[in-house]
Amino acid sequence: MAVNSYKEDEKSAERSKLLTLKRLFAYLFVYKWQIVLVLLIMGYGVAISLINPLIMESAIDDYISVKNFTGLYRLLIIALVLNLLLVFLIKIRMYVMSKVCNSILLTIRQELYTHIQKLELSFFDSRPTGKILSRIIGDINSLKNILSNCVTTLIPDGLTVIAVVVIMIWKNPKLALASLLTIPFMAVAVVFIEMKAHPRWVLFRKKAANLNAFIHEDMAGIRIIQSFNAQEETRETFDRLIGEHRSAFVSAVRLSDSFGPVIDIFWALGCIFLYFTGIVILGAENISVGTFLAFGTYLNMFWQPINNISNFYNQLVTNIAGAERIFEILDTQPAIADAEDVEEMPEIAGEVVFENVSFSYDEQVKVLDDVSFRIKPGETIALVGATGAGKSTIVNLISRFYDVQQGKVIIDGKDVKKVSIESLRKQMGIMTQDNFLFSGTIKENIRYGKLDATDEEIIAAAKAVNAHEFIMKLEKGYDTELSERGGGLSIGQKQLLAFARTMVSMPKILILDEATSSIDTKTELLVQSGIEHLLQGRTSFVIAHRLSTIQKADRIFVIDDGRIVEEGNVRELLDKKGVYYQLYMSQFSA
């Protein structure tokens, strides 16, 4: 299976920017009344900004020129009230829009997190955790300015530009034409910059994901790094990745920052054309001072929104890559999912049947090749064999973490693909060699196996695997807080808590995948009696390299190269003197 590590940039398909924006802005429609309020406030703001130059023109031409100061004072008071009200309304607009945007980001983050949890294990096998985290956190955070400025910049500034053009043409078509002559050239320049900048921002997001993946892996493996004194090597890798991250950012931002200067150049050219046309071509004596000042103000009012829109466009180019990466994950359909016609799995009795099952992780090398067997309810089956022989794959197919490519996996006469995943897995107890513990109390970690378990059930499960004694020796007993991955506990203690977590669920089918691999011999003897109690009356699959842990299994399957090459109990297999006999002798003779 190809693994997408921090050393490689993630591969992403080309996506339509227009469709991405349409999908992103659809989240705004949920808050239509808040958006309507914001639009009304901005409509008022646009109206005031358009009226102010007319007020200035009237003040000069109608009042100051004729020395009508009473009317001038009245006009200025009206202008002051209108503009103070605008300042107050802008504060309201900012509060409402900020609340809406934060709510949308929360919704997207929840949708993404929920969707990722539904994806199959192969999704997580193919990419580091850090790259997934970069989408849930960094990419989503990058969307806030796009959502906010879409409403607060794009709509009002777009309306302002249209209104200003209409007023300028109404006031003087020739001056308007001269002022707007540079617009087509500016549009071509902006589109050119966008075409060059977008791929660079996509690359920057990928480099950021690489860096996050490395840091996450580095912190998770810090014990190994320090054990092998490899700090210098990891620092060199970090320096390389952060250098690539910086170079990608500088390359992208250097091009994006050219938006501003390009707009300023065409803005200045527009002003030059305005004054040249007004003074030289039309003649200053043909245009009143108020009209000239109003036209200059309108020209600034035209270019300022253009500048704002170009900045928004720049933000869009910068952050749309984040939206594309988010929707790429949301559009990833789970390979392991319930079909439309699934039924609930009834209470499991425990018969498990494999019918000519073949499976491959990469569709090239078969991990299982035409495997068939039938397990009676209550049987304990041990799976042994070399690493990579296919033992873990068998139990992964039973719990439907993967789906078979050929054949069927049947439990109690029902194809596992025909029943809901939830109703199947909630009746299974799965204990792996990765004794992962969450941050929280010991009680909370054990209860994870059965979320509605009582304190009595938790204690009973801990006693069954002989974990109760060491728990009670801790200062706070079952309320002892654990750090990430159970820091502070021994490997054996972590394993015992993981056993208790599995036991509290009282599963109908039990899967122990190298579950005692990290337990010392003394602890194993304590756990073994608890395991025997747990196995009673349940169909159980036990994967073990230590053959001492499976001596009481009803049957042992010896797996080799994706096939069951031997089958029987301990005595039968020893008498055959085949593969199992050789494994047994190599361990016990030593």
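Quick notes
- Label zone at Asp370, where the point sits 7 Å out along the Cα-to-Cβ direction: region 384-424 residues whose backbone N lies under 15 Å: 406-408
- Were the residues from Ala230 through Lys99 laid out at 0.36 nm apart, the gain over their Cα-Cα distance would be 42.5 nm.
- Flagged links, alpha-carbon separation over 26 Å, of Lys91/Lys207; Lys91/Lys206; Lys376/Lys576; Lys22/Lys196; Lys417/Lys443; Lys391/Lys508: Lys91/Lys207; Lys91/Lys206; Lys417/Lys443
- Label-to-label distance for Lys118 and Leu106 is 2.2 nm, based on points extended 7 Å past Cα in the beta-carbon direction.
- Value of Rg to Rh for region 33-138, rounded to two decimals, is 1.40; Kirkwood radius and Rg both from alpha-carbon coordinates.
- Surface accessible to a 1.4 Å probe, Ser251 within the full protein complex, Å²: 40 Å²
- Amide hydrogen neighbours beyond the local backbone of Gly350, cut-off 5 Å, H modeled: Asp412
- Extension gain for Glu344-Lys174 works out to 53.6 nm (0.36 nm per residue, less the C-alpha to C-alpha distance).
The values are calculated or read from the model by the stated rules, or taken from the named source; none is laboratory data. Since we're looking at a predicted model, the values are computed, not measured. When we count neighbours, we look across all protein chains shown, and the Cβ atoms used for this are built from the backbone with ideal geometry, even at glycine. Protein only, heavy atoms only, side chains kept; ligands, DNA and RNA dropped before computing areas. Shrake-Rupley method; radii C 1.70, N 1.55, O 1.52, S 1.80 Å.
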